[in-house]
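All remarks here apply to the structure that follows.
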Amino acid sequence: MSGGVTLRDLSVAYSGGPEVVRAVNADCPRGEVTAVVGPNGAGKSSLLKAIIGLLPSQGEIRIDGRRLSDLSARARARAVAYVPQRSRLDARLRVREVVDQGRFPHRAPLVSPSPTDRVVTEHALREVDALHLADRPFPDVSGGEQQKVLIARALATEARILLFDEPTAALDARHVLILHRLFRRLAGRGFCVVVVAHSLDEVHRHADRALLLHRGHVLHAGAAREVVSAGPIKEVYGVDLREAAGLRCFLPGGTT
C-alpha cells in the first residue's frame, strides 16, 4: 500500500548538542505496523518528534508523499497524530473534552463541537475501550487510563498516520493485547502505525516491520521477525535472544 512516512538522510540535534538521530533512511508504509526499537538513548523518541515537526531536523520527511515542510500546521495536524509517553495535562477537563481536542484541526477556533465531532469523539473512546471514562476528570483516572485517552485523542484527529511513543508502558497485560489488536485493525484499514517499543517480544509478535536504532543510526530495518532476531539483538544490546513461548534475553553465558 502506498503512502506513509518516508525519511531520507534525516538528522536531529537538540540546540547546541550533538546529533541524536543521524542520517536515517526509512520507510513506514500505510497498511503496516512499524516498530522502532533500540536501547535507551538510541534516538527513538527524537525520531518520532522530528516526524511530527516537534524537533527541528535536517534531511527530508515526507508524509503521504508530501514534504512535511510544505504542510501548514492545520494540514499537518490532520495528516499525522502523535501520542507521547506521558501527559503533562493537569487541567480538570473531562475525558471526552480531552479527546475532543483532537477535533481542533477540523473546526474554527472557539467553535463548539459539532454533532460530527461528538460522534467521532465517542467512537474514538470506544475504540480504546474507554467510553466508560468519558465524564470523569482526566487527572483522576489512572496512568494507564490516561494513556488510552491520549490514544483516543489521536484517533479523533482522523489522521491516517499515527505515531505512538511507548504506548503500552503503563498498561496491564489485557490492555496491551487490546491495544495491539487496535493497531492491527487500524493498519488493516490503511493507516500507517509507527510505535516506539521496549518489549522485543511485543514487536516480534505484533509488528510487521521494525527499525533497530543504535546511537542515532538505523542499523537494521525490515520484517520485524528478521530485525528482532538473535544476530541484530546481540549486536545492539549485547544479549542472547532465545525463543520459547516468547522471546527472552540472556546475558552471554546464560544468565538472565
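The values are calculated or read from the model by the stated rules, or taken from the named source; none is laboratory data. A quick note: this is a predicted structure, and the numbers were derived from the prediction, not measured. Virtual Cβ from ideal backbone geometry, glycine too; neighbours counted across all protein chains shown. Ligands, DNA and RNA are stripped out before the accessible areas are found, and what is left, the full protein with its side chains, is counted by its heavy atoms. Shrake-Rupley method; radii C 1.70, N 1.55, O 1.52, S 1.80 Å.
Simple point charges give the picture: +1 on the Cβ of Lys and Arg, -1 on the Cβ of Asp and Glu, and for the chain a dipole about the Cα centre of about 460 debye. Other residues within the sphere of radius under 14 Å centred on the Cβ of ALA50, judged by their own Cβ, net out at +3 (K and R +1, D and E -1).
Nonpolar atom fraction for the stretch 23-165, defined as the carbon and sulfur part of the 1.4 Å probe accessible area, stands at 49 percent. Among LEU55, PRO115, VAL80, whose Cα sits farthest toward the positive end of the charge dipole of the chain (+1 at Cβ of Lys/Arg, -1 at Cβ of Asp/Glu, about the Cα centre)? In the chain, that residue is PRO115. The P(r) of the stretch 107-256 has a tail past 18 Å containing 64 percent of all C-alpha pairs.
For the chain, what percent of Cα pairs sit more than 32 Å apart? Result for the distance tail: 22 percent. Here the stretch 47-142 was treated as a single set of alpha-carbon atoms; its pair distances binned every 5 Å from 0 give 2, 11, 19, 19, 18, 16, 9, 5, 1 percent. The alpha-carbon of LYS148 sits under 27 angstrom from the alpha-carbons of these lysines, leaving out residues fewer than 8 places away in its chain: LYS44, LYS49.
What the chain shows is 48 Å² of accessible area per residue, with the surface traced by a 1.4 Å probe over protein heavy atoms. Electrostatic bookkeeping for PRO167 treats Lys and Arg as +1 and Asp and Glu as -1; over the other residues with beta carbon under 12 Å from its beta carbon, the sum is -1.
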